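Comments concern the structure below.
No value in this document is a laboratory result; all are computed from the given coordinates. Given the structure is predicted, the values throughout are model-derived calculations rather than measurements. For neighbour counting, all protein chains shown are included, and Cβ atoms are generated from backbone atoms with ideal geometry for every residue, glycine included.
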2 protein chains.
Amino acid sequence: MKFTKKERQKLLLDTLDKTPFITDEHLAATFKVSVQTIRLDRMELSIPELRERIKSVATHSFGEEVKSLPIDEIIGEIIDIDLDKQAISLLDITKDHVFARNGIARGHHLFAQANSLAVAVINDELALTRKSTITFVKPVKAGDRVIAKAIVVSSDMQKNTTLIEVTSKVENDTVFVGQFSMYRVTNS
Amino acid sequence: MKFTKKERQKLLLDTLDKTPFITDEHLAATFKVSVQTIRLDRMELSIPELRERIKSVATHSFGEEVKSLPIDEIIGEIIDIDLDKQAISLLDITKDHVFARNGIARGHHLFAQANSLAVAVINDELALTRKSTITFVKPVKAGDRVIAKAIVVSSDMQKNTTLIEVTSKVENDTVFVGQFSMYRVTNS
């Protein structure tokens, strides 16, 4: 089904509201138009390109907020963080992340993104993973953009333990889920 | 307590029998002697240096045995494999594997070693991780040599599922345990 330009531009705004980090290529495929059409739509609607959209979210320096590790040790790019509550990161899957034979992203990269997000969300100087249960729900391929969201489920400060649930999605499809039991200590 | 040379050489042989991939540095620390003394002991006992010991185990080309992935995609070095039964790999932890702040190895490296060993032990062309429960038992530091052993616990060929348990040790201390539920298919 083809949309009118007006319909498409409305849907485009809705889609970007729900999935702000979708690429022009994915938008073009979704609306069955060319990438060039999407670019023109964005220009008319004054929507910056993806790189700029990510940058504008990330202008706030998360490096100052993250306490448990230096920001450059995080696998993936933090795009939102609220310490001890939740955090979101983005990881672009490239050829280097996949098995040569089947093009499927290797599990430890998805684990690394989720695990480092679980460390980053902790509002303490030391955070170590004690235990984790992870499920690979759907294969991820090169070119996919994985958005991981970590939510702090509970904290037991007497036991220095925090439980975190991480859900990773590619365009609204869940690809990975992990529960992380973290050990935390404040060095002071 | 100091040992006589004879006692030490006997203990050295026992230790190398139990932990063949221990370094001269660790042996020296264990027996409270210099590294040079250990080297002389090895020469007298005709025990090759560690690199040669690993090589002699690995002369048999495991690349031809592993079916589920190319050998260069395995994280760590396979030193023994018996398809659909068990496999052992070795990973030397370097500065690149640890958190800058506390020198503790990042969880995803231990996970990557264990997970790729769980893939490698499968006697099929396609093996994917479905679910995993992992426990980080003890912190691992730069300089540690992690020996991971994967054991196939059970297989349900009708459900294309194999359960694997991986235990990773540093000098006989368990540092990581993981259960992996693997999906497997033969492309034929």
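Applying both filters, DSSP loop and at most 15 other Cβ atoms within 10 Å, to the trypsin sites (Lys or Arg not before Pro) of the stretch A:4-39 gives A:K32.
Taking Cβ atoms as reference points and 13 Å as the exclusive limit, the residues near A:R145 contribute a net charge of -3, counting Lys and Arg as +1 and Asp and Glu as -1. Sorted from closest to farthest, the other copies place their B:D82 label points 5.4 nm away, with each point set 7 Å from Cα along Cα→Cβ.
The relative contact order of chain B comes to 18 percent, based on Cα pairs under 8 Å that sit 6 or more residues apart. Using the Cβ-Cβ distance between A:E125 and A:S46 with R0 set to 56 Å, the FRET efficiency works out to roughly 0.85. For peptide A:4-10, the mean count of partner chain Cβ atoms within 10 Å of a residue's Cβ comes to 0.
Measuring against 30 Å, Cα to Cα, the residue pairs A:K18/A:K95; A:K159/B:K85; B:K18/B:K131; A:K95/B:K95 contain A:K159/B:K85; B:K18/B:K131 as the ones spanning a longer distance. Each Cα pair under 8 Å and six or more residues apart adds its separation to the average, and for the stretch A:5-56 the resulting relative contact order is 35 percent.
Rg/Rh for the protein assembly as shown (Cα atoms only, Rh after Kirkwood) is 1.06.
Treating the angle as unsigned and between 0 and 90°, give the value, to the nearest 10°, between the Cα long axis of helix A:5-18 and the longest Cα principal axis of chain A. Once rounded, the angle reads 0 degrees. Counting charges near B:R101 (Lys, Arg +1; Asp, Glu -1) among other residues having Cβ under 14 Å from its Cβ returns a value of +1.
Taken one residue at a time, the phi angles of the stretch A:111-124 give Karplus couplings (6.51, -1.76, 1.60, θ = phi - 60°) of 4, 4, 4, 5, 5, 6, 5, 5, 5, 5, 6, 6, 8, 8 Hz. Gly and Pro are set to x. Based on C-alpha pairs under 8 angstrom that are at least 6 apart in sequence, the stretch A:94-188 has a relative contact order of 33 percent. Each residue of the stretch B:30-40 was assigned a 3J(HN,Hα) from its phi angle through the Karplus expression (A = 6.51, B = -1.76, C = 1.60, θ = phi - 60°), giving 4, 9, 6, 10, 7, 4, 4, 4, 4, 4, 5 Hz with x at Gly and Pro.
A helix-only calculation puts chain B at -9000 deg cm²/dmol for mean residue ellipticity at 222 nm, using -39500 (n - 2.57) for each DSSP H run of at least four residues, averaged over all residues. Distances between placed amide hydrogens fall under 5 Å for B:I75 paired with B:S116, all partners being 5 or more residues away or on another chain. In summary, the aspartates and glutamates within cross-link reach of A:K141, defined as a Cα separation below 14 angstrom excluding same-chain residues under 8 places away, comprise A:D92, A:D96, A:E171, A:D173.
For B:I104, the residues whose amide H sits under 5 Å from its own are B:F99, ignoring neighbours fewer than 5 places away on the same chain, with H placed 1.01 Å from N. In the assembly of identical copies, B:N172 has its label point, taken 7 Å from Cα in the direction of the beta carbon, separated from the corresponding points by 5.8 nm (ascending, one decimal). Summing +1 for each Lys or Arg and -1 for each Asp or Glu among the other residues whose beta-carbon sits under 14 angstrom from that of B:K10 gives 0.
Largest GNM mean-square fluctuation across A:A142, A:A150, A:A29, computed for chain A with C-alpha springs under 10 Å, falls on A:A29. For B:F3, the point set 7 Å out from Cα toward Cβ sits 7.5 nm from its twins in the other copies, listed from shortest up. When the charge dipole of chain B is built from unit charges on Cβ atoms (+1 for Lys and Arg, -1 for Asp and Glu) and taken about the Cα centre, the candidate among B:G178, B:Q158, B:T4 whose Cα reaches farthest toward its positive end is B:T4.
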